[in-house]
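Step one of this worksheet: look at the structure below.
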Amino acid sequence: MRRAPARPSLRVGIVTLAPEMFASVLATGLIGRAIRAGLLEAAFANPRDYARDAHRRVDARPYGGGPGMVLMPGPLDAAIRQVAKRGSWIVGLSPRGRPFGAPTASRLAKKKQIVLVCGRYEGLDERVCESFDEEISIGDYVLSGGEVAAMAVLDAVARLVPGAMGNASSFAEESFADGLLEYPQYTRPRVWRGKRVPAVLLSGNHARIGDWRRRKSLELTRRLRPDLLLARKSSKV
Ligand code: SAM
């Protein structure tokens, strides 16, 4: 059995009113393996544990009126402090945040400790957001809570933690690694419903396979995500 490293590469604190939502994500697949191998550590803090009244309320009506409830700053801040260590990078999940993408995932994977703060209801009291290092959005739509967004961020970041993916070369070839989409993949059987695997992939000629994959990767990106090619061009100027 592989021995767990003395210190995990990445510690993730998750501030949420619904920690139970994370159970299967943390136990399954690559994230589960990274945690069991001691490469990744996850800790939770629940603002509800810091509520002050008998009803354990963590939300209140917004000043100035308007619909819904807003998370109060006190319990939220106390929960953040429970998991944040000195130097932790604090990330709020929010529709107004910076759009999440591969560059942000690889930047976060290089941190020692990050804290993901999940909102609920109509959102958080702005005074807590002022203490965040950044806010991240996973897309231009509104989720009912930050948990699903935090799971997306955690999954994308965990794959990049050194040692988490068995085969390091696989992420060098994945979509977005070089600003391109990945080439199409095929596996057994060689013929399925009359459709053949491209002959070049069966040739054993690695130079030709490499050229074919590169060409397909460019073709796919041009067809499905021309915006990536434009961004790639301008980043190389
Ligand atoms: N009233 C807020 C607004 O209009 O921007 C939306 C609040 S939303 C119902 C509740 C929580 O879900 C947010 O505080 C945030 O943590 C999370 N959330 C919703 N959409 C998100 C997104 N696209 N990306 C990241 N987090 C999101």
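The values are calculated or read from the model by the stated rules, or taken from the named source; none is laboratory data. The shown structure was predicted, so the numbers you read here are calculated from the model rather than taken from an experiment. Because the Cβ atoms are built from the backbone with ideal geometry, glycine has one as well, and the counts that use them run over all protein chains shown. To get the accessible areas, we keep the full protein, side chains included, count just its heavy atoms, and leave off ligands, DNA and RNA. Shrake-Rupley method; radii C 1.70, N 1.55, O 1.52, S 1.80 Å.
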Taking V142 as meeting all but one of (1) away from the ligand (no atom under 16 Å from the Cβ); (2) open to solvent by 30 Å² or more (accessible area, probe 1.4 Å), write down the number of the exception.
(1)
Top-ranked residue of the range 81-92 - restricted to ones that are in contact with a Phe, Trp or Tyr (Cβ under 9 Å, 6 or more places away or on another chain) and open to solvent by less than 50 Å² (accessible area, probe 1.4 Å), ranked as farthest from P162 (Cα to Cα)
G92
Restricting to the range 5-25, give me the number of residues that are at pLDDT below 95 and open to solvent by 60 Å² or more (accessible area, probe 1.4 Å).
2
Within the range 84-127, can you find the residues that are in contact with a Pro (Cβ under 9 Å, 6 or more places away or on another chain), more than 14 Å from the ligand (Cβ to nearest atom) and of a type in the set (A, V, I, L, M, F, W, C)?
A109
Cβ-Cβ distance below 8 Å, separation of 6 or more or different chains: which pairs start in the range 45-56 with a residue that is over 16 Å from I80 (Cβ atoms) and end on one that is open to solvent by less than 30 Å² (accessible area, probe 1.4 Å) and modelled with pLDDT of 95 or more?
R52/P75
Residue that is modelled with the lowest pLDDT, among those in the range 166-181 that are open to solvent by 30 Å² or more (accessible area, probe 1.4 Å) and among the aliphatic types (A, V, I, L, M)
A168
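When the range 53-79 is examined, which residues are found to be away from the ligand (no atom under 16 Å from the Cβ) and either over 20 Å from P19 (Cα atoms) or not assigned by TED's automatic domain parsing to the domain that holds V91 (or both)? Explain how you work it out, then say what you get.
Here is the first cut: in the range 53-79, the residues away from the ligand (no atom under 16 Å from the Cβ) are 53-57, 74, 78.
Across the range 53-79, the qualifying residues are D53, A54.
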Right, R127: within 30 Å of I80 (Cβ to Cβ), within 16 Å of the chain's Cα centre (by Cα), open to solvent by 30 Å² or more (accessible area, probe 1.4 Å) and modelled with pLDDT of 95 or more or not?
no
Can you tell me which residue within the range 26-74, out of those that are out of contact with any helix residue (DSSP H, G or I) (no Cβ under 8 Å at 6 or more places or on another chain) and in a strand (DSSP E or B), is surrounded by the fewest Cβ atoms within 10 Å (Cβ to Cβ)?
A60
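Each row is one residue, and each column tells you yes or no for (1) at pLDDT 95 or above; (2) open to solvent by 20 Å² or more (accessible area, probe 1.4 Å).
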{"site": "C118", "(1), (2)": "yes, no"}
{"site": "Y121", "(1), (2)": "yes, yes"}
{"site": "E134", "(1), (2)": "yes, no"}
{"site": "V148", "(1), (2)": "yes, yes"}
{"site": "G163", "(1), (2)": "no, yes"}
